[in-house]
Amino acid sequence: TGVQTCALPIFLYLIFSKTIAPYGRHSNSNWGITIDNKWGWFWMELPALVLMPAIILFSPVEKNGIIILIIGLWILHYFYRTILFPIKLKTKGKKMPLVIVISAFVFNLFMKGKSFIIFSLSSVLVNLPHTMMLVIKALV
């Protein structure tokens with residue numbers, strides 16, 4: 001509840017605030033299997049590039065000009081981050097722990113999944129008065 005909601009982030013901060021994340025110049029093999037950092041970057045960003053446009057495309061949200069513009073900018077941004085940036089990286093032979101890649105991949109999946117739920121609920125809530133009127137008419 002309220003205390004737990006506040007206590008968990010504080011607890012995690014105290015545990016992990018002294019831990020140096022093992023990527024970039026802090027990368028080391030003590031964190032398990034490593035992969036090429038270009039491929040790692042690609043896999044970390046891929047959910048953001050694919051899922052948000054898919055969520056918008058398949059959601060009941062109206063696809064007007066503003067939505068198309070915003071999702072177009074999203075695609076441009078994440079195309080750069082997912083495809084072009086790893087190609088441009090000048091870090092030949094650098095590795096990153098697979099645990100970092102998986103953590104970022106799962107985080108992006110979670111964040112985009114949460115967005116899907118929000119879009120779905122907002123559409124339901126926007127249409128709720130109309131749906132309620134149809135139900136009332138059907139019952140009467």
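The figures follow:
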item	result
Unmet requirement for Trp43, which otherwise passes all of (1) under 18 Å from Thr91 (Cβ atoms); (2) out of contact with any Pro (no Cβ under 8 Å at 6 or more places or on another chain); (3) at pLDDT below 80	(3)
Hits in segment 33-77 (condition: open to solvent by less than 50 Å² (accessible area, probe 1.4 Å), touching a Leu at 6+ places or on another chain (Cβ under 9 Å) and more than 30 Å from Val99 (Cβ to Cβ))	Ile71
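The values are calculated or read from the model by the stated rules, or taken from the named source; none is laboratory data. Quick caveat: nothing in here was measured; it's all calculated off a predicted structure. We place every Cβ from the backbone using ideal geometry, glycine too, and count neighbours over all the protein chains shown. What goes into the accessible areas is simple: the full protein's heavy atoms, side chains included, and nothing from ligands, DNA or RNA. Shrake-Rupley method; radii C 1.70, N 1.55, O 1.52, S 1.80 Å.
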